[in-house]
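Trainee: What follows is a structure written as structure tokens; I'll ask about it next.
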Amino acid sequence: MDPWGLTTAALLSCLLFLIFFSLWSQEFKRGKLPPGPTPLPLIGNILQLDFKNIPASLSQMAEKYGPIYTIYIGTERVVVLHGYSIVKEALIDQGDAFSDRGIIPVVEDTFKGRGIIFGHGESWKQLRRFSLMTLRNFGMGKRSIEERVQEEAQCLVEEFRKKKGQAIDPTFILSCAPCNVICSILFCNRFKYNDEKFLHLMKLLKENFQLLNSPWTQVYNLLPAFRVYLPGKHKRHTRNVEAIKDFILEKVKEHQKALDPNNPQDYIDCYLSKMQQEKDNPHSEFDLENLLATGTNLFVAGTETTSSTLTYGLLLILKHPEIQAKIHEEIDRVIGHNRVPSIKDRQDMPYMDAVVHEVQRFVDLLPLNLPHAVSRDIQFQQYFLPKGTTIFPMLSAVLNDSKEFPNPDQFDPQHFLDVNGKFKKSDYFLPFSTGKRSCLGEGLARMELFLFFTTILQNFTLKSVEDPNEFSIRTDRVRFSFPPYYQLCFLPR
Ligand code: HEM
Ligand SMILES: *[C@@H]1O[C@H](CO)[C@@H](O)[C@H](O)[C@H]1NC(C)=O
């Protein structure tokens with residue numbers, strides 16, 4: 001045999017060995033795991049997933065295997081939790097064991113366990129606790145978070161007014177606003193929507209978000225062991241994150257020069273004070289690198305989520321003129337036109353409150369949730385889950401539960417109203433997930449959604465040039481539900 005033949009033969013036998021080994025070891029490990037479809041070696045069950053609608057594929061499997069089952073995405077073992085009661089049993093009743101974060105390889109390479117979203121253990125715990133406290137209203141000097149959001153809502157409306165009722169794609173402006181809110185919280189200043197630096201920041205954020213949702217990333221995630229050999233886009237992800245960190249670092253340096261620890265004005269001030277307090281503690285988690293990672297997290301988690309929900313929500317309202325009319329009626333009755341909306345108005349506006357909840361339920365922004373992992377070996381129901389097992393506590397199935405929300409496929413604010421038109425809470429409303437890992441920005445996001453939607457509809461009637469029934473309502477659903485493309489006109493009222 002020539003040398004090439006030898007190499008080929010050697011490679012082939014290696015491959016065969018790998019295949020058998022992988023089959024064998026999976027079979028071996030399956031002992032007490034939840035049931036699930038038989039995986040193929042190396043690629044696992046990915047052929048059974050529809051990459052245009054992954055939540056739907058996972059729901060079909062739940063019909064066959066029940067509310068808890070095991071699949072393999074590539075070589076990674078994932079336990080899927082499908083439905084309200086099992087998600088609650090894991091994230092609430094066994095909250096500690098289920099509170100670790102599952103690993104998304106592209107991201108893990110970039111953050112290396114720092115920060116909050118992709119953080120682990122003690123460092124995650126401390127950063128999360130500190131950030132939650134700081135984000136509470138009045139945590140940061142004289143200006144409340146509500147005032148910062150109200151200011152941004154007015155700027156948003158001015159920006160739409162400049163379009164003079166022409167048909168526009170609202171996506172861009174609607175992502176400036178939430179991004180600016182994070183800027184205002186982190187370092188106390190907002191940007192004009194055409195500021196070069198700001199635009200660059202937004203571009204980086206958008207690009208990384210799209211990278212994470214692209215089929216390419218799924219391939220990359222498939223074979224974590226080989227990812228170092230796959231050139232290209234994951235480097236881009238890391239480079240973008242570095243650029244965002246640099247952007248924050250510049251602000252941190254300015255803040256360091258002018259710091260008055262007794263009078264913190266924003267998140268960076270608070271963090272720098274905390275650093276000073278802990279400067280004699282050699283094990284302190286509050287170092288510069290964690291500040292940059294956490295700041296980046298707040299941008300990544302707080303911009304595209306809120307802006308996609310806003311963009312999607314306006315489309316849903318545009319498609320339902322009868323709903324828009326009721327919103328207008330309530331705003332005119334409760335707030336009128338002479339003052340800006342405040343969060344206090346929410347208790348007098350059950351209809352708007354229900355609309356915002358229904359938008360979030362219907363949009364189903366993170367259908368699979370972010371991946372969790374079990375932090376230790378645990379017995380769960382009749383199964384054994386080894387430490388480190390990736391968990392998908394699916395949100396899609398909870399938000400689309402047909403017993404809790406009759407006709408779950410319909411956009412209908414009635415899902416959150418009782419017969420008397422009062423707001424009706426639901427335990428199934430989990431767009432922010434639940435338990436120890438649940439969304440850190442829930443309070444902020446809910447404030448933004450209420451104030452932005454209300455301020456926009458206080459000022460405008462939404463109309464479209466085309467028949468709004470022509471706009472499609474769903475796009476591909478992988479990890480994140482991006483809104484479909486559409487255009488609309490903001491007609492001053
Ligand atoms: C409509 C808006 C938003 C939605 C639907 C949303 C949803 C979520 C979900 C589902 C998770 C994963 C929870 C889990 O793993 O169980 C999460 C995590 C997170 N969110 Fe949000 N989010 C939104 C806005 C925000 C905002 C504005 C911020 C900024 C402060 C934020 C910061 C975070 C952070 C830091 C985490 C990681 C928490 C951790 O790992 O401990 N989110 N979010
Ligand atoms: C929601 O549930 C209904 C049936 O109850 C199903 O037909 C529909 O496909 C589900 N929608 C989503 C987005 O999962």
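The values are calculated or read from the model by the stated rules, or taken from the named source; none is laboratory data. This structure is a prediction, so every number in the text was calculated from the model and none was measured. Glycine gets a Cβ as well: all are built from the backbone with ideal geometry, and neighbour counts include every protein chain shown.
Trainee: State whether one or more residues within the stretch 430-438 are within 20 Å of the chain's Cα centre (by Cα), within 15 Å of ligand 2 (Cβ to nearest atom) and either buried (at least 21 other Cβ atoms within 10 Å of the Cβ) or within 30 Å of Gln150 (Cα to Cα) (or both).
Mentor: So the first thing to find is which residues in the stretch 430-438 are within 20 Å of the chain's Cα centre (by Cα), and the list is 430-438.
Cutting the leftovers down to within 15 Å of ligand 2 (Cβ to nearest atom) gives us 430-431.
With the extra rule that they be either buried (at least 21 other Cβ atoms within 10 Å of the Cβ) or within 30 Å of Gln150 (Cα to Cα) (or both), the set shrinks to 430-431.
Within the stretch 430-438, one or more residues are within 20 Å of the chain's Cα centre (by Cα), within 15 Å of ligand 2 (Cβ to nearest atom) and either buried (at least 21 other Cβ atoms within 10 Å of the Cβ) or within 30 Å of Gln150 (Cα to Cα) (or both).
Trainee: Return the total of residues in the stretch 106-132 being in a helix (DSSP H, G or I) and among the basic types (Lys, Arg).
Mentor: First, pick out the residues of the stretch 106-132 that are in a helix (DSSP H, G or I): 106-111, 121-132.
From what's left, among the basic types (Lys, Arg): 125, 128-129.
Of the residues in that region, 3 qualify.
Trainee: For the stretch 329-347, how many residues are in a loop (DSSP other than H, G, I, E, B) and over 16 Å from Glu147 (Cβ atoms)? Reasoning before the result, please.
Mentor: Step one: of the stretch 329-347, the residues in a loop (DSSP other than H, G, I, E, B) are 335-342.
Of the ones still in play, those that are also over 16 Å from Glu147 (Cβ atoms) are 335-338.
Adding up the residues that qualify gives 4.
Trainee: Please specify each residue of the stretch 255-275 satisfying the condition of being in a helix (DSSP H, G or I), touching a Leu at 6+ places or on another chain (Cβ under 8 Å) and loosely packed, with under 14 Cβ neighbours inside 10 Å.
Mentor: If the condition is that a residue be in a helix (DSSP H, G or I), touching a Leu at 6+ places or on another chain (Cβ under 8 Å) and loosely packed, with under 14 Cβ neighbours inside 10 Å, then Gln256 is the only one that fits.
Trainee: Would you call Tyr72 under 21 Å from Ile103 (Cβ atoms), in contact with a Gly (Cβ under 8 Å, 6 or more places away or on another chain) and modelled with pLDDT of 85 or more?
Mentor: Details: under 21 Å from Ile103 (Cβ atoms): yes; in contact with a Gly (Cβ under 8 Å, 6 or more places away or on another chain): yes; modelled with pLDDT of 85 or more: yes.
In short, yes.
Trainee: Something else now. Pick out the one residue from Asn369, Asn338 that is out of contact with any Gly (no Cβ under 8 Å at 6 or more places or on another chain) and at positive phi.
Mentor: Numbers: Asn338 fails: at positive phi.
Only one candidate qualifies: Asn369.
Trainee: Just to be sure before I move on: is Phe416 of a type in the set (Phe, Trp, Tyr), buried (at least 16 other Cβ atoms within 10 Å of the Cβ) and either more than 15 Å from ligand 1 (Cβ to nearest atom) or at pLDDT 95 or above (or both) in the structure I sent? Reasoning before the result, please.
Mentor: On the way: of a type in the set (Phe, Trp, Tyr): yes; buried (at least 16 other Cβ atoms within 10 Å of the Cβ): yes; either more than 15 Å from ligand 1 (Cβ to nearest atom) or at pLDDT 95 or above (or both): yes.
In short, yes.
Trainee: Can you confirm whether Ile103 is away from ligand 1 (no atom under 12 Å from the Cβ) and not in a helix (DSSP H, G or I)?
Mentor: In short, yes.
Trainee: Residues of the stretch 466-477 being more than 14 Å from Lys319 (Cβ to Cβ) and either without any contact (Cβ under 8 Å) to a residue 24 or more places away in the chain or assigned to a loop (DSSP other than H, G, I, E, B) (or both), which ones?
Mentor: Just the residues of the stretch 466-477 that are more than 14 Å from Lys319 (Cβ to Cβ), to begin with: 475-477.
Answer for the stretch 466-477, where residues must be more than 14 Å from Lys319 (Cβ to Cβ) and either without any contact (Cβ under 8 Å) to a residue 24 or more places away in the chain or assigned to a loop (DSSP other than H, G, I, E, B) (or both): Thr475, Asp476.
Trainee: Moving to a separate point now. Looking at Val359, Val363, Val374, which is the one that is over 16 Å from Thr309 (Cβ atoms), at pLDDT 95 or above, within 16 Å of ligand 1 (Cβ to nearest atom) and surrounded by 19 or more Cβ atoms within 10 Å (Cβ to Cβ)? Walk me through it before giving the result.
Mentor: Details: Val359 fails: over 16 Å from Thr309 (Cβ atoms); Val363 fails: over 16 Å from Thr309 (Cβ atoms).
From the options Val359, Val363, Val374, the qualifying one is Val374.
Trainee: Taking Ile92 as the residue in question, decide whether it is assigned to a loop (DSSP other than H, G, I, E, B), among the β-branched types (Val, Ile, Thr) and within 14 Å of ligand 1 (Cβ to nearest atom). Quick ask: steps written out before the conclusion?
Mentor: Values: assigned to a loop (DSSP other than H, G, I, E, B): no; among the β-branched types (Val, Ile, Thr): yes; within 14 Å of ligand 1 (Cβ to nearest atom): yes.
Judged against the criteria, Ile92 is not a match.
Trainee: Do we have Gly421 as under 23 Å from the mean Cα position of the chain (by Cα), surrounded by fewer than 20 Cβ atoms within 10 Å (Cβ to Cβ) and more than 16 Å from ligand 2 (Cβ to nearest atom) here? Quick ask: steps written out before the conclusion?
Mentor: Details: under 23 Å from the mean Cα position of the chain (by Cα): no; surrounded by fewer than 20 Cβ atoms within 10 Å (Cβ to Cβ): yes; more than 16 Å from ligand 2 (Cβ to nearest atom): yes.
No: the conditions fail for Gly421.
Trainee: Identify, please: which residue in the stretch 35-48 is touching a residue at least 24 places away in the same chain (Cβ under 8 Å) and assigned to a loop (DSSP other than H, G, I, E, B) and is, among those, nearest to Leu15 (Cα to Cα)?
Mentor: Leu42
Trainee: Using the structure shown, decide if Thr134 is surrounded by 15 or more Cβ atoms within 10 Å (Cβ to Cβ) and touching a Cys at 6+ places or on another chain (Cβ under 6 Å). Reasoning before the result, please.
Mentor: Details: surrounded by 15 or more Cβ atoms within 10 Å (Cβ to Cβ): yes; touching a Cys at 6+ places or on another chain (Cβ under 6 Å): yes.
Considered against the rule, which asks whether it is surrounded by 15 or more Cβ atoms within 10 Å (Cβ to Cβ) and touching a Cys at 6+ places or on another chain (Cβ under 6 Å), Thr134 comes out as yes.
Trainee: Follow-up question, since we're still on this one. Based on what the data block shows, is Ile71 within 19 Å of His237 (Cα to Cα), touching a Lys or Arg at 6+ places or on another chain (Cβ under 9 Å) and surrounded by 21 or more Cβ atoms within 10 Å (Cβ to Cβ)? Outline the logic, then answer.
Mentor: Details: within 19 Å of His237 (Cα to Cα): no; touching a Lys or Arg at 6+ places or on another chain (Cβ under 9 Å): yes; surrounded by 21 or more Cβ atoms within 10 Å (Cβ to Cβ): yes.
Judged against the criteria, Ile71 is not a match.
Trainee: Every residue in the stretch 389-405 that is among the polar types (S, T, N, Q) and free of Cβ contacts under 8 Å to residues at least 12 places away in the same chain, please. Show your work before the answer.
Mentor: Going residue by residue through the stretch 389-405, those that are among the polar types (S, T, N, Q) are 389-390, 396, 400, 402.
The one that is among the polar types (S, T, N, Q) and free of Cβ contacts under 8 Å to residues at least 12 places away in the same chain: Ser402.
Condition check ((1) assigned to a strand (DSSP E or B); (2) closer than 19 Å to Met352 by Cβ) across all residues:
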{"residue": "Glu448", "(1), (2)": "no, yes"}
{"residue": "Leu451", "(1), (2)": "no, yes"}
{"residue": "Thr454", "(1), (2)": "no, yes"}
{"residue": "Gln458", "(1), (2)": "no, yes"}
{"residue": "Thr461", "(1), (2)": "yes, yes"}
{"residue": "Arg479", "(1), (2)": "no, no"}
{"residue": "Phe482", "(1), (2)": "no, no"}
{"residue": "Tyr486", "(1), (2)": "no, no"}
{"residue": "Cys489", "(1), (2)": "yes, no"}
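Trainee: Determine which member of the set Phe380, Phe416, Phe362 is farther than 14 Å from Ala90 by Cα and more than 16 Å from ligand 2 (Cβ to nearest atom).
Mentor: Working: Phe380 fails: farther than 14 Å from Ala90 by Cα; Phe362 fails: more than 16 Å from ligand 2 (Cβ to nearest atom).
Within the list Phe380, Phe416, Phe362, the selection yields Phe416.
Trainee: Applying the selection to the stretch 294-322, what residues are buried (at least 23 other Cβ atoms within 10 Å of the Cβ), among the small types (Gly, Ala, Ser) and closer than 16 Å to Phe452 by Cα?
Mentor: Hits for the stretch 294-322 are Gly302, Ser307, Gly313.
Trainee: For the stretch 386-405, state whether one or more residues are among the acidic types (Asp, Glu), more than 16 Å from ligand 1 (Cβ to nearest atom) and under 27 Å from Gly74 (Cβ atoms).
Mentor: Initially, the stretch 386-405 is screened for residues among the acidic types (Asp, Glu), giving 401, 404.
Among the residues that remain, those that are also more than 16 Å from ligand 1 (Cβ to nearest atom) are: 401, 404.
Pick out the ones that are also under 27 Å from Gly74 (Cβ atoms) and you get none.
No, the conditions are met nowhere in the stretch 386-405.
Trainee: While we're looking at this one, here's another question. I'd like the full set of residues that are within 16 Å of ligand 1 (Cβ to nearest atom) and among the acidic types (Asp, Glu), limited to the stretch 149-207.
Mentor: Within the stretch 149-207, Glu152 is the sole residue that qualifies.
Trainee: Output the residues belonging to the stretch 399-413 that are within 22 Å of the chain's Cα centre (by Cα) and within 11 Å of ligand 2 (Cβ to nearest atom). If you could, list the steps in order and put the result at the bottom.
Mentor: Initial filter on the stretch 399-413 (within 22 Å of the chain's Cα centre (by Cα)): 399-401, 408-409, 411.
Hits for the stretch 399-413 are Leu399, Asn400, Asp401, Pro408, Asp409.
Trainee: Would you pick out the residues in the stretch 328-346 that are surrounded by fewer than 21 Cβ atoms within 10 Å (Cβ to Cβ) and closer than 29 Å to Ser481 by Cα?
Mentor: Listed by number, the residues that qualify are His328, Ser342, Ile343, Arg346.
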